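I have placed the structure first, in the form of structure tokens, so that the comments after it can refer back to it.
The values are calculated or read from the model by the stated rules, or taken from the named source; none is laboratory data. Nothing here was measured: the structure is a model prediction, and the numbers come from that model. Here Cβ is always computed from backbone atoms with ideal geometry, including for glycine, and neighbour counts include all displayed protein chains.
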């Protein structure tokens, strides 16, 4: 018997095991409101969270509530999911089969929500009335205002490199906490409203911020200090910022009237990549973790689009009529 014939069954078995263990694609959610053709209904049947299927179709997911601004999924149990909404935080412990509001009447206008990947019991949320923290995986919530000069905030980020380190975008710039949002300290950032934060998965010290009226800002030290970037959008309201999960060299920013602007060299130079989009009003940007180089953009009421060449060309990705709030990619369970 030849060596190849002897080894063949083992090679086939090994290949089968590797294929079975290979993780699948991320679950891709979009938080939107269908404002262009809003249906008259006592419940918002066409707004909320949408899940994208493998064939590119989008379907409603989760409870039918207005103003779903974002989604957070526990890094240790993907069945535990939290919705940030205009009506508070809504939680499911069973992958979306049942949902329950876990904040009181006094909590409203939740804009962003995120788990601490190093300690999943810690969860943070940004609201129009100030930040919140949970120490029990999102079951209960407390105010987290200590150290802030102003409370209004729209974006919050749990540092992927350090447990308990959190960045908060407020109307008074960026604040940083090193103890799980128990106490905040102001970073070296202008006293302007920060609309969106994004951290590089490849280089965690690299963080991009979009502001109201002051354009884009970059940090190379984990958010302690910042410098302005992209003169082409220096006075724009930037509602969307994104950093490629594969490299901190690829960046994107977007906003009202500014369209999409990208950098392929870590923010040294920027270019307008709005040609091919139906409108220059962009509220969400995200790089696809499963498709190398793919950039997603949510345009105001004209649908989602994606580009595989850093915005030189765009393809229709569905969700026509949507006012987008966020894109969320949930990695497969391992």
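Miscellaneous remarks
- Members of the stretch 291-312 that are in contact (Cβ under 8 Å) with a residue 24 or more places away in the chain and over 20 Å from residue 256 (Cα atoms): 292, 293
- Of all residues in the stretch 195-216, those satisfying the criterion of being more than 24 Å from residue 289 (Cβ to Cβ) and part of a strand (DSSP E or B) are 211, 212.
- Of the candidates 138, 169, 130, the single residue that is buried (at least 16 other Cβ atoms within 10 Å of the Cβ) and part of a strand (DSSP E or B) is 169.
- Single residue of the stretch 49-69 satisfying the filter (at pLDDT below 90 and surrounded by 18 or more Cβ atoms within 10 Å (Cβ to Cβ)) that is nearest to residue 84 (Cα to Cα): 67
- Hey, residue 191 at pLDDT 95 or above, surrounded by fewer than 24 Cβ atoms within 10 Å (Cβ to Cβ), assigned to a loop (DSSP other than H, G, I, E, B) and within 21 Å of the chain's Cα centre (by Cα) or not: no
- The stretch 92-113: number of residues that are surrounded by fewer than 23 Cβ atoms within 10 Å (Cβ to Cβ) and under 18 Å from the mean Cα position of the chain (by Cα): 1
- Wholly enclosed strands (runs of 3 or more DSSP E) of the stretch 245-334 bearing at least 3 residues under 25 Å from residue 204 (Cβ atoms): 251-255, 259-263, 282-287, 295-299, 323-330
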